[in-house]
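The structure appears below as structure tokens.
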Amino acid sequence: MTIETGVLERYSQGAESIQADLCCPVDYDRKLLALLPQEIIDKDYGCGDPSRYVQSGDVVLDLGSGSGKICYMAAQLVGSTGKVIGVDMNDDMLALARKYQPEMAEKLGSDRVEFVKGQIQDLALDLAAMNRHLAEHPVRRAEDVIALRAWQEQQRKEQPLIKDNSVDLVVSNCVLNLVHDSDKAQLIKEIFRVVKPGGRVAISDIVSDESVPQHLKDDQQLWSGCISGAVQEHEFLQAFIAAGFVAVSFDKWEAQPWQVVEGIEFRSVTITAIKPHDEPCLDRGHAVIYRGPFAKTYDDEGHVFLRGQRMAVCERSYNLLTGATYADQFIGIAPAQERTPQNWCHAPGTLRAASETKGSAHKADSGSCCC
Ligand SMILES: C[S@@+](CC[C@H](N)C(=O)[O-])C[C@H]1O[C@@H](n2cnc3c(N)ncnc32)[C@H](O)[C@@H]1O
């Protein structure tokens with residue numbers, strides 16, 4: 001049995017009957033649970049609550065939606081202008097989630113939740129469409145495999161299951177750890193692809209405090225039980241930074257481990273991140289002041305912010321650092337007068353003269369830029 005077939009089998013059992021050993025206690029918002037059918041609440045195999053990050057009007061994508069609990073909670077928060085898409089690769093889980101769709105649509109006042117079949121490491125490939133294709137073009141010979149690959153490539157390009165830059169918020173609850181290690185980087189790339197610039201990510205998952213040895217990874221029960229596929233805590237964050245996300249943080253961290261195996265602690269965390277806007281770095285004279293409490297802080301792009309100093313930043317950084325995510329850490333100071341934007345060329349740690357950011361005359365940039 002491979003990791004994938006082991007995971008498929010385990011969650012088919014989980015859709016059929018409650019698997020107590022897959023349940024990790026989570027303090028969900030009771031008001032949101034009140035609308036949900038009991039079976040969905042009972043077949044909860046999550047380890048956190050990413051629904052807390054949903055905003056009105058969001059298009060939300062839930063990776064590994066299982067019984068649909070997070071989707072139906074999110075659907076209450078997005079309101080009538082939002083939409084929720086749950087992706088799962090398991091037909092039994094999809095059937096369980098879809099079973100309650102009419103009932104939930106009636107309670108919500110509209111059918112704003114959709115469940116689709118796909119693998120979260122390949123969000124462009126529609127597995128339901130592939131099943132229909134295979135019914136007409138069965139794979140019998142090596143040449144059929146080659147043709148199938150070409151069809152898949154074309155589908156990804158022309159009929160992607162989840163389009164590029166189409167989602168405001170990607171959530172997931174205890175699923176990323178189940179993906180094969182060799183596919184995990186691709187999975188995070190896929191998340192980056194589908195989130196809109198400026199869009200957000202809130203992922204609850206299990207992490208380990210030490211690296212997990214191979215013999216534990218080879219244990220099918222431990223893997224499909226959301227334990228031995230867990231990534232080590234700092235590597236989990238690093239994977240999102242490497243994919244291009246910013247503001248990558250542990251928002252929630254369970255002090256108490258969920259499981260301890262051979263001395264390794266496996267605990268639930270929730271990480272949040274933002275996909276930056278794809279804009280050039282233009283200097284228009286903005287500054288930010290890092291409030292503290294540390295002497296200085298760095299971001300993942302290498303900028304340094306000295307406590308209490310007016311640090312020169314490009315407009316893109318200014319918008320990010322003064323947005324909701326960092327508002328309590330930075331004070332933003334807009335240029336007193338708009339000036340001709342220039343490509344950013346200051347070294348990290350460059351200060352912005354107060355004269356440039358207050359109402360008095362602006363000091364012109366030296367113009368001796370090098371980049
Ligand atoms: C631990 S359960 C979590 C379910 C749900 N998020 C919850 O909170 O109850 C994992 C779910 O992810 C699905 N899953 C696992 N690996 C997947 C993959 N690579 N692609 C899509 N779905 C996957 C499983 O079928 C299962 O429904």
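The values are calculated or read from the model by the stated rules, or taken from the named source; none is laboratory data. All figures in this text were calculated on a predicted structure; none of them were measured in a lab. Backbone-built Cβ (ideal geometry, glycine too); neighbour counts: all protein chains shown. The accessibility values were calculated without ligands, DNA or RNA, using every heavy atom of the protein model including side chains. Shrake-Rupley method; radii C 1.70, N 1.55, O 1.52, S 1.80 Å.
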Scan segment 12-37 residue by residue and report those that are closer than 23 Å to residue 60 by Cα and not hydrophobic (A, V, I, L, M, F, W, C).
27, 28, 29, 30, 31, 37
With (1) away from the ligand (no atom under 13 Å from the Cβ); (2) among the hydroxyl-bearing types (Ser, Thr, Tyr); (3) farther than 16 Å from residue 96 by Cα as the list, and residue 28 as the residue in question, which single condition is left unmet?
(1)
Checklist (1) farther than 29 Å from residue 131 by Cβ; (2) open to solvent by 30 Å² or more (accessible area, probe 1.4 Å); (3) more than 9 Å from the ligand (Cβ to nearest atom) applied to residue 51, failing item
(2)
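Yes or no, residue by residue, for (1) part of a helix (DSSP H, G or I); (2) crowded, with 16+ Cβ neighbours inside 10 Å; (3) more than 9 Å from the ligand (Cβ to nearest atom):
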{"residue": "98", "(1), (2), (3)": "yes, no, yes"}
{"residue": "104", "(1), (2), (3)": "yes, yes, yes"}
{"residue": "110", "(1), (2), (3)": "no, no, yes"}
{"residue": "115", "(1), (2), (3)": "no, yes, yes"}
When restricted to 280, 293, the only residue at pLDDT 95 or above and not aromatic (Phe, Trp, Tyr) is 293
In segment 14-58, what residues are assigned to a helix (DSSP H, G or I) and more than 28 Å from residue 168 (Cα to Cα)?
14, 15, 16, 20, 21, 22, 38, 39, 42
With respect to residue 185, is the statement that it is more than 16 Å from the ligand (Cβ to nearest atom) and outside the structural domain of residue 301 (by TED's automatic domain parsing) true?
no
Going through 77, 8 one at a time, which residue ends up being hydrophobic (A, V, I, L, M, F, W, C), open to solvent by 20 Å² or more (accessible area, probe 1.4 Å), near the ligand (Cβ under 9 Å from one of its atoms) and assigned to a helix (DSSP H, G or I)?
8
Restricting to segment 254-304, what's the tally of residues that are small (Gly, Ala, Ser), open to solvent by 40 Å² or more (accessible area, probe 1.4 Å) and more than 30 Å from residue 24 (Cα to Cα)?
1
